[in-house]
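Since the structure comes first, as structure tokens, the remarks are kept for the end.
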Amino acid sequence: MMPQFTDICRINVRGGDGGAGCMSFRREAHVPKGGPDGGDGGRGGDVVIQASARLSSLIDYRYKHHFHAERGTHGKGARKDGRDGEDLVLPVPMGTVVRELDPETMEPLYEIADLTHDGERVVVAPGGQGGLGNTHFVTSVRRAPAFAQLGEPAQEHWIELEMKLMADAALVGLPSVGKSSLIARMSAARPKIADYPFTTLVPNLGVVRAGEYSYVVADIPGLIEGASEGKGLGHEFLRHIERTALIMHVVDITGGFEGRDPVEDYRVINEELRRYASELADRPQIVVANKCDVSGMTDRVAELRRAATEDGHPFFAVSAATGAGLNTLMLACGEMVDKLRSELASEAAPVTFDERWERRRREREARFQVICEEPGAYRVTGTQVERLVVQTDWENEEAIIYLQHRLARMGVDAALEEAGCRPGDEVRIVGRAFTYEGAEDPDEI
Ligand SMILES: Nc1nc2c(ncn2[C@@H]2O[C@H](COP(=O)(O)OP(=O)(O)OP(=O)(O)O)[C@@H](O)[C@H]2O)c(=O)[nH]1
Ligand SMILES: [Mg+2]
């Protein structure tokens, strides 16, 4: 992407700590020791980043850099659970990319999310899990568990927010129809133009000024038949169109070297858009017949105009080469973009949780890694594994045995064996070290 119009800031986020689970036994008048009744600790609140159509910059994060969500409270006796901490929601403009940073180097590690829709949100710093109270650890052989889980301390993260300029309109069409030539004519953008397909490899953005209007147009790589299934370069870029309000569908009226039929080309692209996302087919679209400077095109222009009009799309015949028809096109686009923008702003924003970002986060958390740090000493790293360890009360033998069972069930023992760990070796997880006693049979736990 063109880093031309970006706004970047780095902030430190931390979820709320989880409350501790309670270890307690029921007290009744004539019963010496009742059953366990320790309540669970509350979950810490999450720090959430949420896209909002109301914001247009990241200025709010320029001066304040630290954001903490509320902690969960501790569980109590008589099965009283602690209260969950409130989430802290940080609004950002639509088109904000969120990245995890390496806390040492402050270099981006990976993309957490690309928030493109109003209301779309992602958790960037999950609150700590509340610890489970001792009622959870009752088994047939452990009637009176004398331990409870600690609350999980929340992790702090550095994240980067990058606001990408969102295009109002996207130039879409087969390769070589003249998309880049058009953006070069309409704006100050200077993309590469050439007579071979896939000249454009990354989207270019240009600011178009026409009359009282000013809007951003994206020139994306050419789409081909099958783009919706990943053919050509299209798929990646169809994602960019997802968030542009207006599609400028460019058709080469000459049919190019292969002598294609422009109406056929027009249908192919619309079919790809529909296949990629049915709502793209309903997106406002204008049809632009380009290369109308070439002689003998009158009939073809009329045919394409008819096809576009039947579909309810405004139609323009232009030439990027001579500039003919471009002023009319630019003004009409400006008017449409303006109208679409005010429609968008008046729509009530539903809060959506894009499952995709959540799923990605859970997958990242479940992963763990075993490395041999020195002969006979292995370190296990991974969010979930580390979480279990920090929630363990190391003063309590029973709690440690419980932890060992959980790790075995997660496959940590198997991974340790595979890495060469043998009974008697040291296993390190966060700040703790213990002796490996050999794999437990997960079926027996
Ligand atoms: N005659 C004529 N040729 C044009 C016109 N517009 C573009 N061309 C030519 O068409 C070819 C392709 O132009 P590009 O602007 O690179 O096409 P594109 O759609 O961006 O192509 P990709 O980036 O490969 O998808 C170039 O040789 C241009 O000079 C036009 O209005 N008239
Ligand atoms: Mg191009």
(request) Filter the range 88-123 for residues that are touching a Gly at 6+ places or on another chain (Cβ under 9 Å) and within 26 Å of Arg71 (Cα to Cα) and give the result. (result) Leu88, Val123
(request) Write out, first by first residue and then by second, each pair whose Cβ atoms fall under 6 Å of each other, whose residues are 6+ apart or on separate chains, and whose first residue, in the range 276-295, is in the same structural domain as Arg260 (by TED's automatic domain parsing) and more than 14 Å from Gly256 (Cα to Cα) while the second is among the hydroxyl-bearing types (Ser, Thr, Tyr) and buried (at least 17 other Cβ atoms within 10 Å of the Cβ). (result) Tyr276/Ser228
(request) List every residue pair whose Cβ atoms sit under 8 Å apart, with the two residues 6 or more apart in sequence or on different chains, where the first one lies in the range 205-226 and is on the phi > 0 side of the Ramachandran plot and the second, anywhere, is modelled with pLDDT of 85 or more. (result) Gly211/Leu331; Gly211/Gly334; Gly226/Glu272
(message) Between Arg367, Arg362, which is within 28 Å of the chain's Cα centre (by Cα), at pLDDT below 85 and basic (Lys, Arg)?
(response) Arg362
(message) For the range 2-25, which positions are modelled with pLDDT under 90, assigned to a loop (DSSP other than H, G, I, E, B) and surrounded by 15 or more Cβ atoms within 10 Å (Cβ to Cβ)?
(response) Met2
(message) Criterion first (surrounded by fewer than 18 Cβ atoms within 10 Å (Cβ to Cβ) and outside the structural domain of Gly127 (by TED's automatic domain parsing)) does Glu386 satisfy it?
(response) no
(request) Among the residues of the range 361-399, write down those that are touching a residue at least 24 places away in the same chain (Cβ under 8 Å), in a helix (DSSP H, G or I) and more than 19 Å from Ala154 (Cα to Cα). (result) Glu398, Ala399
(message) Within the range 213-240, take every residue that is of a type in the set (Val, Ile, Thr) and surrounded by 24 or more Cβ atoms within 10 Å (Cβ to Cβ) and give me the one that is modelled with the lowest pLDDT.
(response) Ile220
(message) more than 30 Å from the chain's Cα centre (by Cα), aromatic (Phe, Trp, Tyr) and not assigned by TED's automatic domain parsing to the domain that holds Val124: is that true of Trp357 in this structure?
(response) no
(request) Could you look through the range 285-300, keep only residues that are closer than 19 Å to Arg267 by Cβ and not in a strand (DSSP E or B), and pick out the one that is farthest from ligand 1 (Cβ to nearest atom)? (result) Asp299
(message) Tell me yes or no: at least one residue of the range 79-93 is among the β-branched types (Val, Ile, Thr) and in contact (Cβ under 8 Å) with a residue 24 or more places away in the chain.
(response) yes
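Kindly provide the set of residues from the range 148-177 that are polar (S, T, N, Q) and under 30 Å from Leu280 (Cβ atoms), ordered by number.
Ser176, the sole residue that qualifies.
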(request) Please determine, by comparing only the residues of the range 172-192 that are more than 18 Å from Asn327 (Cβ to Cβ) and among the aliphatic types (A, V, I, L, M), which one is farthest from ligand 1 (Cβ to nearest atom). (result) Val172
(request) Quick one: count up the residues across the range 171-211 that are modelled with pLDDT of 90 or more, away from ligand 2 (no atom under 11 Å from the Cβ) and not hydrophobic (A, V, I, L, M, F, W, C). (result) 4
(message) Name the single residue that is farthest from Glu395 (Cα to Cα) among those in the range 117-162 being among the charged types (D, E, K, R) and more than 37 Å from the chain's Cα centre (by Cα).
(response) Arg143
(request) Determine whether Ala154 is within 29 Å of Cys333 (Cα to Cα) and either small (Gly, Ala, Ser) or surrounded by fewer than 23 Cβ atoms within 10 Å (Cβ to Cβ) (or both). (result) no
(message) When you scan the range 119-142, do you find a residue that is in a strand (DSSP E or B), under 26 Å from Leu223 (Cβ atoms) and out of contact with any Pro (no Cβ under 9 Å at 6 or more places or on another chain), even just one?
(response) yes
(message) Between Gly45, Gly38, which is more than 31 Å from the chain's Cα centre (by Cα) and not in a strand (DSSP E or B)?
(response) Gly38
(request) Only one of these is acidic (Asp, Glu) and in contact with a Ser or Thr (Cβ under 9 Å, 6 or more places away or on another chain): Asp311, Asp299, Asp282, Asp293. Name it. (result) Asp293
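The values are calculated or read from the model by the stated rules, or taken from the named source; none is laboratory data. Just so we're clear, the structure is a prediction, and the values are computed from it rather than from any experiment. Using ideal geometry, Cβ is built from the backbone for each residue, glycine included, and neighbour counts are taken over all protein chains shown.
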